Amino acid sequence: MRILGIETSCDETGIAVYDDEQGLLSHELYSQVKLHADYGGVVPELASRDHVRKIVPLIQKALEDADTKGEELDGVAFTQGPGLVGALLVGSSVGRALAYAWNVPAVGVHHMEGHLLAPMLEEPAPPFPFIALLVSGGHSMLVKVEGIGEYEVLGESIDDAAGEAFDKTAKLLGLDYPGGPLLAKLAEKGEAGHYQFPRPMTDRPGLDFSFSGLKTFAANTIRDADDNEQTKANIAYAFQEAVVDTLIIKCRRALKQTNMKRLVIAGGVSANTMLREKMQQLMADMKGEVYYPSLGFCTDNGAMIAYAGMQRLKAGEKLDLSSPAKPRWPLDSLKKVGCG
Ligand code: KG4
Ligand code: ZN
């Protein structure tokens, strides 16, 4: 079975062709980062228009690279939500139209399920069950995963997502959008021990997160600090360490609470080197394993949508025609597919 995956929920047009026997055959990614950089964040209307311009040529290229004709596909998967409504509508309209023209089924994929299953594209893939830490620009969640579609959200951010906190703090440090990776780079030059940021919500029980206070703490720290590169790097280091430590504390708590030994981290922030290193250390201490996507598949991409769509199509899922795009869509409302 071979399908096309389309991702357009935010500022990346991601297209992929995935085959359940041969794996990933091709993938294309166009990032709109430069388009939005002047505005310091994603401008939804510009995002939608750019998806319109890029989507068809990228689909043509992905099909060519996979040596596949549209008519040879067995289905089309597109991100149906959550995300920016205009951006979602582009992928949804094109995906549904192509499926209709090629006379194959279309399936709408939940963006966060895509992230959650992205480590399944790697060798070895994580076996079920596991705890997933999903950390992206729009969401931070801890999820107990028993199988595909069997998700219990154990905790989530009550305000900013982890990636959003990185981006906002990066902006305060004078870095471009999206600042997460740039802040991480600056932090490499930073020294430990100069600043102590709080570890929000770790001194009380529960698995929810709150990151907006860290951004305020960063704003006050930057205001009171000297304006030189080393100071900025030290602040970046202390901020990053606080986010990472907070995530580690909550992951350890979730694993202990559920008696699980496997952890999956996914979403844009899972590309963070300090986070990966400290999670590896945590799982070594707990005598368990950690799994994450390869760097290119941490942030938004078409491959994860193709993979998740494949699992749902195989399970006989039909397209939900009630709405072409679902800007809000709770992860734990998805249908159960099982262990694939
Ligand atoms: O998953 P993603 O591509 O988009 C959403 O679904 O939101 O995540 C993007 C987020 C951005 O906030 C970006 O700054 C952050 O992931 N990010 C990072 C790193 N790479 C991407 N944050 C920290 N360190 C990184 N290396
Ligand atoms: Zn994402």
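Quick notes
- Residue-level check: of (1) of a type outside the set (Asp, Glu); (2) in a helix (DSSP H, G or I); (3) within 22 Å of the chain's Cα centre (by Cα), Tyr237 misses just (3).
- Where a residue in the range 326-340 is assigned to a strand (DSSP E or B) and surrounded by 11 or more Cβ atoms within 10 Å (Cβ to Cβ) and its partner, wherever it lies, is modelled with pLDDT of 95 or more and not polar (S, T, N, Q), with Cβ under 6 Å and at least six apart: Gly338/Gly147
- Selected residue (only one of Thr79, Thr68, Thr8 is polar (S, T, N, Q), touching a strand residue (DSSP E or B) at 6+ places or on another chain (Cβ under 8 Å), away from ligand 2 (no atom under 16 Å from the Cβ) and at pLDDT 95 or above): Thr68
- Within the range 57-74, residues that are at negative phi and small (Gly, Ala, Ser) have Cβ atoms under 9 Å from residues that are modelled with pLDDT of 95 or more and in a helix (DSSP H, G or I) in these pairs: Ala62/Gly302; Gly70/Ile59; Gly70/Leu63; Gly70/Leu98; Gly70/Ala101; Gly70/Trp102, counting only partners at least 6 apart in sequence or on another chain.
- Criterion (within 16 Å of ligand 2 (Cβ to nearest atom) and within 21 Å of Gly309 (Cβ to Cβ)) met by exactly one of Ala132, Ala125: Ala132
- Only one of the numbered conditions (1) within 15 Å of ligand 1 (Cβ to nearest atom); (2) on the phi < 0 side of the Ramachandran plot is violated by Met260, and that is (1).
- From the list Pro129, Pro178, Pro119, the lone residue that is more than 13 Å from ligand 1 (Cβ to nearest atom) and either free of Cβ contacts under 8 Å to residues at least 24 places away in the same chain or in contact with an Asp or Glu (Cβ under 9 Å, 6 or more places away or on another chain) (or both) is Pro129.
- Among residues of the range 195-234, those that are aliphatic (A, V, I, L, M), assigned to a loop (DSSP other than H, G, I, E, B) and within 16 Å of Asp167 (Cα to Cα), counted: 0
- When Tyr307, Tyr291 are screened for being within 16 Å of ligand 1 (Cβ to nearest atom), more than 28 Å from Glu191 (Cα to Cα), of a type in the set (Ser, Thr, Tyr) and touching a Phe, Trp or Tyr at 6+ places or on another chain (Cβ under 9 Å), only Tyr307 passes.
- Flag if Tyr307 is of a type in the set (Phe, Trp, Tyr), crowded, with 23+ Cβ neighbours inside 10 Å, within 24 Å of Arg199 (Cα to Cα) and within 16 Å of ligand 2 (Cβ to nearest atom): no
The values are calculated or read from the model by the stated rules, or taken from the named source; none is laboratory data. All values derive from a computational prediction rather than experimental measurement. Because the Cβ atoms are built from the backbone with ideal geometry, glycine has one as well, and the counts that use them run over all protein chains shown.
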